[in-house]
Every structure is written in C-alpha cells, then in structure tokens.
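Below: the structure, in structure tokens.
The values are calculated or read from the model by the stated rules, or taken from the named source; none is laboratory data. Just so you know, these numbers come straight off a predicted model, no measurement behind them. Note that we place each Cβ from the backbone using ideal geometry, even for glycine, and neighbour counts take in every protein chain shown. Heads up: the accessible areas ignore ligands, DNA and RNA and are worked out on the full protein's heavy atoms, side chains in. Shrake-Rupley method; radii C 1.70, N 1.55, O 1.52, S 1.80 Å.
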Amino acid sequence: MSPLAIFFFFFFNLSLASNTIYNVQNYGAKSNGKTDSSKAFLSAWGSACASTSASTIYVPRGIYLIRKAYFNGQTCKRNAITIRIDGTLLAPSDYNVIGNDGNWITFEKVNGVSIYGGIFDGQGASLWTCKNSKKTCPKGTTALAFYNSNNIVMNGVTVQNSQMFHILVDGCNNANLQGVKVLAPGNSPNTDGIHVQSSSGVSIRNSNIGTGDDCISIGPGNSNLWIEGIACGPGHGISIGSLGWESKEQGVQNVTVKTVTFTGTQNGVRVKTWARPSSGFVRHVLFQHIVMSNVQNPIIIDQNYCPNHESCPHQGSGVKISDVTYQDIHGTSATEVAVKLDCSKTNPCSGITLDNVNLSYKNGRAEASCVNAAGKASGFKELTSCL
C-alpha cells in the first residue's frame, strides 16, 4: 500500500471514529407513520447534544409521526450536530392537535446544525379546507422553525403541506439553504415557503418553491441576504414585507435576488409596506436576471399594502425605499401593467433603477405605472417615461 493510500485509510477511519451516530430507531422511533416518535427524536437529540465529539442523528427510511418537537441547543457541549434523514417526518393529521402551537418542529439557540435530506410533511390540507370555508379554525403552525441560531445548513430537504409557513428563519446568522423543495397547492392559505426575519447572512440557493402564498418572504430586520437559482410557482412571488406595521421597526438592507423564474405567480418581485408611520426602511436591493412567465404583477412596489382591504390605515407609509435596482428582467405579464411602483406619498421612493427590463403583454409592450418614485430607467418608452 502506498504512503498516500495509507494516509487516506487512517484519515477515513479516524473520521468515522470521531463521529458518533445516533439512530432514532435505537431510541424507540417507529417508522410505521402511526406511533408518535417525538420522545425518541428528542432523546437522540439529547445524546448528541451531550456528546463532546461530532455527532450525527440518523433517521432511516420510513414514515415517522412527530406530534411536536423542540430542539434546544443552548446546553450542547459541541456545536456541530448533523441530522441525516432518509425518511419522512409526519405531522398529526388532525389540525386541532398542534394548530395553535405556533410551530411543529423547532430549533432554538443551536450553532452548527446541518440537516441533510428528508421530507417534512405538515399534513395541512384539512386546516386549509377549514380556513377556505370561512369557519372558525386554529391559526396553524409553521412546519420547521429556527430561532436565534447560527451557522445553519439545510441541504436537499423537502418541506410540504404545512398548515402555515413552511420554513421560518428568525434571529439567525449565517444560514445556508441549498436544494430545498417547498410544496403546497396554490389555494393553500398563508403557506409561505421560506420566511426570513431579524437575520443576517442568509442564503437560499437552487431551490424549487410552490405554495399558496409568498415563495420567499423577507420580514423586518434582515441584512445581507442572497437568493439565487429559485423556481417560484405557484405562489405570490418573492416579497420584501410586509413592513411598517410597527412605528419603530428595523429595516431591510443588502438583499440580492438573482436568476429566478416565476411561473404563473400572483407577483414577481415585490416590496410591500403598510400605509402608516414607521421608522423602517428598504435599501440596497438588487433584482437581477429574472424570467417572468404569465405573472400578474411582475414588478411591484406597494406602499399602500392592505390585504383583503380590511382595516386599511390609509396613511402615508413611513418606510423609506431607496437604491433598488431591477436589472435584466424579461418575460410575460398576465396583466397590462407589468411595472407598478406605488410609493409613499409622505416618503417617496428614491434611487430606483430599471435597467434592461423587457416585459410583454398579449404580444405587445406591457405598461408601467409610477407614483411618488424617482430614479432612472432604460429600455422601452413606457419605463423611461415612468421615472
């Protein structure tokens, strides 16, 4: 055996020896989709959390019913915990079981947790039916939530049919979501794909998202977000907001959204704020290399946001929007007005750039509408006369 081969042999075996694997089935998890395996998953987490060596929690093939699970990393002895899932995690089918619990699966104060593979199935269809029938229903839970955590990795994970939001990243730093699939019907209410708020250094790449609400929504307090290689549809598009409900609110800055395809969505790239006083802001945003296919509102800034036109504030939005660039955006609009910039009457948009934006409607040029917006535009006359 060559010296190089000997080195790799010992290195490989040393890596195995230093990584302890915790199989959830060894803690009592049943893969029949009927037996509640919540305690088994929490026990496996407890062992991995108490370990001083690198740990992997392994979920073999099968369907595991999880009533609810809360993973706290505050007391973990080692940061790096890997969760490798070859099976499906299943929420209770009765929405009343967890419908008012906020979240189904929660990670809080973890550092260095990586999740590879697996399906998280929220079984939210019965709750959507309840909501769509206008009955009194629970609010619904978020399927997979991360709070106040750092250095998170999700790779090859599928989250589907959540009662409400599918993935929530809140108060986190350095989260990398890669190759994620989020799946829910277009008529499923409030089922945002990925919602990010109060976080920094979050990247979402090479993912397919189709839901009944925003594919990706960006809430207050976010900075340094990178979103690239996304297929969005059905859904409401990629949205910054809604912002500005609170009078004192953190802003959103340094956001890049590039190489995205929107197919049959309600919106493409959207910024939405409530029409009421606020200290919030949106600045340094780039929307680049985007394809629209039959999108109702391909480019929209809505500073008079008020869903369902209920209890609308009817004031001027205090959220200041500045330095937003739309570059190389083309495709088809499902409505005549493809670019709608409806900015605040008390705090107008500034530094808006429309560069190489080419959108059509019924084989002709789409229209543009700009109110209280200043900046520069290049391209067809509908845009150049808008700003």
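State all residues of the stretch 127-175 that are out of contact with any strand residue (DSSP E or B) (no Cβ under 8 Å at 6 or more places or on another chain) and of a type in the set (A, V, I, L, M); if no residue qualifies, say none. LEU127, the sole residue that qualifies. Candidates are the residues of the stretch 15-25 that are outside any strand (DSSP E or B) and touching a residue at least 12 places away in the same chain (Cβ under 8 Å); the one that is farthest from GLY87 (Cα to Cα) is SER18. When every residue of the stretch 360-377 is checked against the conditions, none turns out to be at positive phi, within 26 Å of the chain's Cα centre (by Cα) and at pLDDT 95 or above.
All told, ALA368 meets the bar of being assigned to a strand (DSSP E or B), in contact (Cβ under 8 Å) with a residue 24 or more places away in the chain and either acidic (Asp, Glu) or open to solvent by 20 Å² or more (accessible area, probe 1.4 Å) (or both). GLN303 meets the stated requirement of being open to solvent by less than 50 Å² (accessible area, probe 1.4 Å), modelled with pLDDT of 95 or more and of a type in the set (S, T, N, Q).
In the stretch 255-306, counting only strands (runs of 3 or more DSSP E) that sit wholly within it, the ones holding 3 or more residues that are more than 14 Å from GLU228 (Cβ to Cβ) and over 19 Å from the mean Cα position of the chain (by Cα) span 281-295, 297-305. Within the stretch 29-44, residues that are more than 12 Å from GLY62 (Cβ to Cβ) and open to solvent by 20 Å² or more (accessible area, probe 1.4 Å) have Cβ atoms under 6 Å from residues that are at pLDDT 95 or above and part of a helix (DSSP H, G or I) in these pairs: SER43/TYR27, counting only partners at least 6 apart in sequence or on another chain.
Residues of the stretch 70-103 that are within 23 Å of GLN123 (Cα to Cα) and in a strand (DSSP E or B): TYR70, PHE71, ILE83, ARG84, ILE85, THR88, LEU89, LEU90, ASN103. Looking at THR56, THR106, just one residue is in contact with a Leu (Cβ under 9 Å, 6 or more places away or on another chain), open to solvent by less than 30 Å² (accessible area, probe 1.4 Å), in a strand (DSSP E or B) and not hydrophobic (A, V, I, L, M, F, W, C), and that residue is THR106.
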